[in-house]
Amino acid sequence: MKDDDEIQWRFRNTVIAAINKRADSFTVYDDVLEGRFRDRLKLDNQTGSLTITNITIKHAGEYEFETNTKRVIFFLTVNVSVMEGDSVTVDPGLTEVKDDDQTEWRFEGTLIAEINVTADSFTVYDDVLDGRFRDRLKLEKQTGSLTITNITIKHTGLYQLQINNYWPFYVHLSVYARLPVPVISRNSSQCSSSSSSSSSSSSSYCSLVCSSAVNVSHVTLSWYKGNSLLSSISVSDLSISLSLPLEVEYQDKNTYSCVLNNPISHQTQHLDITQLCHTCSVHCCGPTEAVIRLVLAALVGVATVMIVVYDIRSRRAERDQAHIHTSGSA
């Protein structure tokens, strides 16, 4: 800043910060507008830049930066993340709607609600856009705030508040689907045993797969060993099923968990190795190996029965021959 600079920061035409370089004055007015900026403003004494911390919906809108020589206007859009099925109130932070105000709410440019105090008209247009807002809009007559209930993914987008043909307020809603608990299953066909060529000892591994139960988007699926991330896979725009493999030793005593998360929530499934993993020689076999084992067991059973029957018949024949010989001698 120059030695004679005078700077003002305004929010919706209200001064929230000012600098008078000549008087060595640097001031933030964080108690204005019902204190919505209280303890949130930081003014840089060297460059005049303004930082707003812990932003809420009420901080969205028009900001103006003015010096001795220039004036810049820009709009701050706040992103709000909500879960599908929840409700959200988009509050522009107006104390009250004035008598001559005409207030309009738009979603992606389409009118969905309006207030005309002069005509005593308070209307929601919930049948527009294929009825995605039907029975979901509530308009607050005093402040102009808009509540959307039972939100779905279709309500993701930009919401605009227009007062008297002027756009001071923008909010972007990001709606995320509720996440299912991931499922951990045994991949029996992948069971393997790795052995060392330098020793007779071997180490067996259990092959597992973690997957999401339903198709979801904007999520990450991850394997953790304790608190350490082992692997992960993400999807943003596409809605596809996710699956992530993992191999662990049968006698592994570490704790493993599979986590499905999006930017605002997560679901965790913990691995029970003793329940899912057993030694390959007893429990882990593919379908072909299982059939072979069953056939072999059946053949062994049949052979055993035949041997027993043959032995019984042989003994009976020997007894009959002995009896005939004894009778002939007599």
**Request:** Specify whether the C-alpha gyration tensor of the stretch 7-113 places it in the rounded, prolate or oblate class, a ≥ b ≥ c being the square roots of the eigenvalues: rounded for a/c under 1.5, otherwise prolate if a/b is larger than b/c and oblate if not.
**Result:** prolate
**Message:** For the stretch 245-276 and the stretch 89-145, what is the centre-to-centre distance using only Cα atoms, to the nearest Å?
**Reply:** 47
**Message:** Which of the three applies to the stretch 86-161, rounded, prolate or oblate, going by the alpha-carbon gyration tensor with a ≥ b ≥ c and a/c under 1.5 meaning rounded?
**Reply:** prolate
**Asked** What fraction of the Cα pairs in the stretch 54-124, stated in percent, has a spacing above 18 angstrom?
**Response** 59
**Asked** In square angstrom, rounded to the nearest 10, how much accessible surface does residue 315 have for a 1.4 Å probe?
**Response** 140
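How many percent of the accessible area of the stretch 127-169 is carbon or sulfur, using a 1.4 Å probe?
46
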**Message:** What number comes out for accessible area per residue over the stretch 1-158 if the probe is 1.4 Å? Units Å², please.
**Reply:** 54
**Asked** Averaged over all directions, how much area does the convex hull of the C-alpha atoms of the stretch 1-63 cover when projected, in nm²?
**Response** 4.1
**Message:** Can you give me the long-range amide H partners of residue 117? Hydrogens built in the peptide plane at 1.01 Å from N, cutoff under 5 Å, separation of 5 or more residues or another chain.
**Reply:** 101, 103
**Request:** May I ask you to list the GluC sites (Glu not before Pro) in the stretch 1-100 that are in a DSSP loop and have at most 14 other Cβ atoms within 10 Å of their Cβ?
**Result:** 96
**Fill in**
Carbon/sulfur accessible area of the stretch 2-110, % of total, 1.4 Å probe, equals 42
**Message:** What number does the stretch 43-95 give for Rg over Rh if you use C-alpha atoms and the Kirkwood radius?
**Reply:** 1.10
**Prompt:** Ignoring ligands, DNA and RNA, what accessible area per residue does the stretch 205-277 give at 1.4 Å, in Å²?
**Reply:** 55
**Per-residue ³J(HN,Hα) for the stretch 60-75, Karplus 6.51 cos²θ - 1.76 cosθ + 1.60, θ = phi - 60°, Hz, x for Gly and Pro** = 6, x, 8, 10, 10, 10, 10, 10, 4, 10, 8, 9, 10, 10, 8, 10
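The values are calculated or read from the model by the stated rules, or taken from the named source; none is laboratory data. Just so it is clear, the model here is predicted, and its values are computed rather than measured. Every residue, glycine as well, gets a Cβ built from its backbone with ideal geometry; the counts of neighbours run over all protein chains shown. Note: areas computed on protein heavy atoms with side chains; ligands, DNA, RNA excluded. Shrake-Rupley method; radii C 1.70, N 1.55, O 1.52, S 1.80 Å.
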